[in-house]
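A.B. asks: Here it is, the structure, as structure tokens.
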Amino acid sequence: MRLSYVLGLLSALAVALPLSGAKAQEAIERRVNELLGQMTLEEKVGQLNLVSHGPPLRWEDLSEGKVGAVLNFNNAQDVARAQALIQQSRLKIPLLYGLDVLHGFRTQFPLPLGEAAAFNPRLSFLASEWAAKEASHVGVNWTFAPMADLSRDSRWGRIVEGFGEDPYLGSVLTAARVEGFRKGGLAASAKHFAGYGAPQGGRDYDTTYIPRAEMYDTYLPPFRAAAEAKTASFMAAFNALNGEPSTANAWLLTDVLRKQWGFDGFVTSDWVGIGELVNHGIAADGAEAARKAILAGVDMDMMGLLYINHLPDEVRAGRVPESVIDESVRRILRTKFRLGLFDQPAIDPNRSEAGFPSKESRQAAREVARETIVLLQNNNDVLPVKSGTRSIAVIGPLADASHDMMGPHAARGHKEDSITVLQGVRERAQSAGITVSHAPACDLMCRSTEQLPAAVEAAKNADLVIAVFGEPQELSGEAASRAHLELNGKQIEVLEALAATGKPIALVLMGGRPQVLGPIAERIPSILMAWYPGTEGGHAVADVLFGDFNPSGKLPLTWPRATGQLPIYYNRLPTGRPTIPNNRFTLHYIDEAITPLYPFGWGLSYTQFDYSNASIAQKTLESGQSLDVSVSVTNKGSRIGQDVVQLYTRDPVASRSRPLRELKAFEKISLNPGETKRITLRIPVESLGFHLDDGSYIVEAGAIQVFVGGSSLAEPIGEVEVTKPIQLPQEERRASASTSVAQ
């Protein structure tokens, strides 16, 4: 899928900004300048102040023009109260009401990492649209999402909020999320800018070291996609990047974001991020931290109170030009006018989220969740549930854990709304006349196995065991870095006991990242990754277990065999000593296989897909042309199914080492039994290059290898020759691929 194509498609689906077109933008700029000309210095700085509900918020500050935005307002009553106070202020400038709406407001959709497994931007758009519709209903108008941070290290807990390890997949889905939020009524804030997903040791908030060329090629593309999709704002990251904290990083916030990409929205800090410049060791006190952040390009101070307390004095002392303040205020006012906030009527304080989840939102949540589930293995065709099955034992502490279905950052989600896996299986089994027993086997953290004997007995008396284990949501998300990714507690002991019964077992894993399974993966025939599937997760999992929906999810990240392999990712650089079996002095571990347990893009189906007759339309390419690759995909099985056709390339000889493979295009297709579709994937030749440290972009002359298949293990199908080098300034670089389908 070509990113520009996706942007165009999603823009057609999305509602346009309240004011659009060149003349409308000129009108906005006039209104911004007129309003700015009426403001005192204190009122200007007030627009840069972002405060959370509760202390230290002083409600009277709203009527005095000392606050430009608020966060953690999640009900109409509080929004209405704030709006009334704003009307008492001198200039009556409306507020932005921000909230972490990551994967749903009341109706919970799968976490973003799970959503990425669908490889389907339409569903990313749909999930974000529903989240926005529910949040905007009670007055929220700004979300701190999507998280565009790429991560190659599953030890990092916040990997669950992003899209995995690939910059192209992340770019497509980030754009879809921005558009979906806007369609539903929320302005987006792409976060965390930038490099936050690569902390040393996988430790949240730790420093990152990323060469600039690698930033341009790997970590920045999803953020650029957010800018091109018209995100309203960016959020600066907590981390230091190459020794320079992101909150005071002028290269990121001004050179890249404003000058190279032309972004004219605003940047907010993360929670107390400006004050943390003191901890980073680049500011002696709050005043210096505020000065460095505003001069670097951070327009809004979240929960630091440093701008409101120090910037007026910094301006009067001549250390911060008032023109810098004016430009930050201009960006914020511009956004508020674009969102139509000045013209919106006051909200009805009687509005409530109690009408959600609705029948329609549940249907959407179930649709999305089904496509996120990844069938990792299915030995002996244990799944789907066989027609002759008469009894099922559902075992595991997460089987009936309604709170954990939602995952972290669940906004206004209520656990009572969740359909658990046990509920979903019981409901579906009842319609088939199958009896269902349940035994948790251990407590939620699996510290005690006092209940294990009852679980083993239930397994012995059943035709099929559905084991639901994994990572309780408390172990995932922000500040949940893990040094050990093995199944926590005594889960392995429980699974070993279940396997010893000899009964067929389907393991449903819940969690926010891959889990290290060890030898148990060889003893459990069927394994499904369900992530945190959300409000309708139990129904979605049951749909897949019983074969009412054919699994089609693909891994958006590489699944390690051992924690010690991390960071691990498919698009790594080659080594001078590639792996040779039984040769100690080549790339390997002496105590573990070098390969992952499951590769990027991996995911099985209940049917089989055959790829054949791959062809490359044109074997020599020059500027302005495209790499056109066609392949026939046939459903060889007896069930309707979906597969993700994935196209990878490699530049084998270049001026600097290039990745072994890079995803350049994908398309999710549905095929009836016996049906064949011929797919053409088109990649502009300009997308086959790489960046230099100065941000310039080059496509070198020479061979490009091409691979097509259903995962990153795709087979090679040939190569093309780029006849002449192509070099573009960074700001002229445009992305990737398009897809067409021919019967």
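The values are calculated or read from the model by the stated rules, or taken from the named source; none is laboratory data. What you are looking at is a predicted structure, and each value in this text was computed from that prediction instead of being measured. In this analysis, Cβ positions are derived from the backbone assuming ideal geometry, glycine residues included, and neighbour counts consider all displayed protein chains.
A.B. asks: Residue check, Glu496 against (1) outside any loop (DSSP other than H, G, I, E, B); (2) under 29 Å from the mean Cα position of the chain (by Cα), all met but one. Which one?
C.D. replies: Condition not satisfied by Glu496: (2).
A.B. asks: Against the definition (modelled with pLDDT under 95, part of a helix (DSSP H, G or I) and either β-branched (Val, Ile, Thr) or touching a Ser or Thr at 6+ places or on another chain (Cβ under 8 Å) (or both)), how does Val6 come out, yes or no?
C.D. replies: Judged against the criteria, Val6 is a match.
A.B. asks: Among Gly164, Gly139, which is the only one that is in contact with a helix residue (DSSP H, G or I) (Cβ under 9 Å, 6 or more places away or on another chain), within 26 Å of Gly202 (Cα to Cα) and not β-branched (Val, Ile, Thr)?
C.D. replies: It is Gly164.
A.B. asks: Might you let me know whether segment 364-373 holds any residue that is within 27 Å of Glu486 (Cα to Cα), in contact with a Gly (Cβ under 8 Å, 6 or more places away or on another chain) and among the β-branched types (Val, Ile, Thr)?
C.D. replies: There is at least one residue in segment 364-373 that is within 27 Å of Glu486 (Cα to Cα), in contact with a Gly (Cβ under 8 Å, 6 or more places away or on another chain) and among the β-branched types (Val, Ile, Thr).
A.B. asks: If we scan segment 601-618, do we find a residue that is closer than 20 Å to Arg155 by Cβ and among the polar types (S, T, N, Q)?
C.D. replies: The answer is no, given that none of the residues of segment 601-618 is closer than 20 Å to Arg155 by Cβ and among the polar types (S, T, N, Q).
A.B. asks: If we keep just the residues of segment 590-619 that are β-branched (Val, Ile, Thr) and in a loop (DSSP other than H, G, I, E, B), which is surrounded by the fewest Cβ atoms within 10 Å (Cβ to Cβ)?
C.D. replies: Ile590
A.B. asks: Being closer than 24 Å to Ser361 by Cβ, in contact (Cβ under 8 Å) with a residue 12 or more places away in the chain, surrounded by fewer than 24 Cβ atoms within 10 Å (Cβ to Cβ) and not charged (D, E, K, R): is that true of Asn141 here?
C.D. replies: So Asn141 does not fit the description; no.
A.B. asks: Moving to a separate point now. Which members of segment 391-420 meet the condition of being acidic (Asp, Glu) and either buried (at least 24 other Cβ atoms within 10 Å of the Cβ) or farther than 25 Å from Ala499 by Cβ (or both)?
C.D. replies: Asp404, Glu416, Asp417
A.B. asks: So is Arg122 of a type in the set (Lys, Arg), part of a helix (DSSP H, G or I), under 19 Å from the mean Cα position of the chain (by Cα) and not assigned by TED's automatic domain parsing to the domain that holds Glu416 or not?
C.D. replies: yes
A.B. asks: Related question: Residue check: is Ser189 surrounded by 24 or more Cβ atoms within 10 Å (Cβ to Cβ) and out of contact with any Lys or Arg (no Cβ under 8 Å at 6 or more places or on another chain)?
C.D. replies: The answer is yes for Ser189.
A.B. asks: Which of the residues that make up segment 650-703 are among the small types (Gly, Ala, Ser) and in contact with a helix residue (DSSP H, G or I) (Cβ under 7 Å, 6 or more places away or on another chain)?
C.D. replies: Gly695, Ser696, listed by residue number.
So that you can scan it fast, the table gives a plain yes or no per residue for (1) of a type outside the set (Gly, Ala, Ser); (2) modelled with pLDDT of 95 or more; (3) under 22 Å from Trp531 (Cα atoms):
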site: Pro121; (1), (2), (3): yes, yes, yes
site: Ala131; (1), (2), (3): no, yes, yes
site: Leu150; (1), (2), (3): yes, yes, yes
site: Asp153; (1), (2), (3): yes, yes, yes
site: Gly157; (1), (2), (3): no, yes, yes
site: Asp166; (1), (2), (3): yes, yes, yes
site: Leu169; (1), (2), (3): yes, yes, yes
site: Leu173; (1), (2), (3): yes, yes, yes
site: Asp206; (1), (2), (3): yes, yes, no
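A.B. asks: Regarding Thr218, is this residue of a type in the set (Val, Ile, Thr), in contact with a strand residue (DSSP E or B) (Cβ under 8 Å, 6 or more places away or on another chain) and touching a residue at least 12 places away in the same chain (Cβ under 8 Å)?
C.D. replies: So Thr218 does not fit the description; no.
A.B. asks: Could you say whether any residue in segment 72-81 is on the phi > 0 side of the Ramachandran plot, touching a strand residue (DSSP E or B) at 6+ places or on another chain (Cβ under 8 Å) and modelled with pLDDT of 95 or more?
C.D. replies: Yes: one or more hits.
A.B. asks: Another question about this same structure. I want to confirm something. Restricting to segment 429-473 and keeping residues that are of a type in the set (Val, Ile, Thr) and assigned to a loop (DSSP other than H, G, I, E, B), which single residue is surrounded by the most Cβ atoms within 10 Å (Cβ to Cβ)?
C.D. replies: Residue satisfying both the conditions and the ranking: Ile434.
A.B. asks: Which residue pairs have Cβ atoms under 7 Å apart, sit 6 or more places apart or on different chains, and have a first residue in segment 321-341 that is free of Cβ contacts under 8 Å to residues at least 40 places away in the same chain and assigned by TED's automatic domain parsing to the domain that holds Ala293 and a second that is part of a helix (DSSP H, G or I) and of a type outside the set (Lys, Arg)?
C.D. replies: Going by the 7 Å Cβ cut-off, the qualifying pairs are Val324/Ile294; Val324/Leu295.
A.B. asks: Does segment 408-421 contain any residue that is at pLDDT 95 or above, out of contact with any Phe, Trp or Tyr (no Cβ under 8 Å at 6 or more places or on another chain), under 26 Å from Ile520 (Cα atoms) and assigned to a helix (DSSP H, G or I)?
C.D. replies: Yes, there is a match, as at least one residue in segment 408-421 is at pLDDT 95 or above, out of contact with any Phe, Trp or Tyr (no Cβ under 8 Å at 6 or more places or on another chain), under 26 Å from Ile520 (Cα atoms) and assigned to a helix (DSSP H, G or I).
A.B. asks: Counting just the residues of segment 110-144 that are touching a strand residue (DSSP E or B) at 6+ places or on another chain (Cβ under 8 Å) and polar (S, T, N, Q), which one comes out farthest from Lys668 (Cα to Cα)?
C.D. replies: Asn141
A.B. asks: Next question. Considering only segment 145-166, state which residues are surrounded by fewer than 24 Cβ atoms within 10 Å (Cβ to Cβ) and either not assigned by TED's automatic domain parsing to the domain that holds Leu113 or not charged (D, E, K, R) (or both).
C.D. replies: Within segment 145-166, Gly157 is the sole residue that qualifies.
A.B. asks: Under 6 Å by Cβ, and 6 or more places apart or on different chains, what pairs join a residue from segment 32-45 that is β-branched (Val, Ile, Thr) with one that is in a helix (DSSP H, G or I) and modelled with pLDDT of 95 or more?
C.D. replies: Val32/Arg330; Val32/Leu333; Val32/Arg334; Val45/Tyr307; Val45/Ile308; Val45/Leu311; Val45/Pro312
A.B. asks: Another one. Of the residues Gly355, Gly318, Gly297, Gly340, only one is touching a Lys or Arg at 6+ places or on another chain (Cβ under 9 Å) and on the phi > 0 side of the Ramachandran plot; which?
C.D. replies: Of Gly355, Gly318, Gly297, Gly340, the one residue that is touching a Lys or Arg at 6+ places or on another chain (Cβ under 9 Å) and on the phi > 0 side of the Ramachandran plot is Gly297.
A.B. asks: For a quick check of your reading of the model, give me the residue pairs whose first member lies in segment 507-536 and is in the same structural domain as Leu485 (by TED's automatic domain parsing) and at positive phi, whose second is assigned to a loop (DSSP other than H, G, I, E, B) and aromatic (Phe, Trp, Tyr), with beta-carbon atoms closer than 7 Å and at least 6 apart or on different chains.
C.D. replies: Gly534/Phe109
A.B. asks: Could I ask something else about it? Is it fair to say Arg650 is among the basic types (Lys, Arg) and not assigned by TED's automatic domain parsing to the domain that holds Gly689?
C.D. replies: Judged against the criteria, Arg650 is not a match.
A.B. asks: Within segment 71-102, which residues are closer than 30 Å to Arg155 by Cβ and either part of a helix (DSSP H, G or I) or touching an Asp or Glu at 6+ places or on another chain (Cβ under 7 Å) (or both)?
C.D. replies: Leu102
A.B. asks: Identify the residue in segment 139-158 that is outside any loop (DSSP other than H, G, I, E, B) and out of contact with any Leu (no Cβ under 6 Å at 6 or more places or on another chain) and, among all such residues, is nearest to Gly98 (Cα to Cα).
C.D. replies: Restricting to residues being outside any loop (DSSP other than H, G, I, E, B) and out of contact with any Leu (no Cβ under 6 Å at 6 or more places or on another chain), the top hit is Met147.
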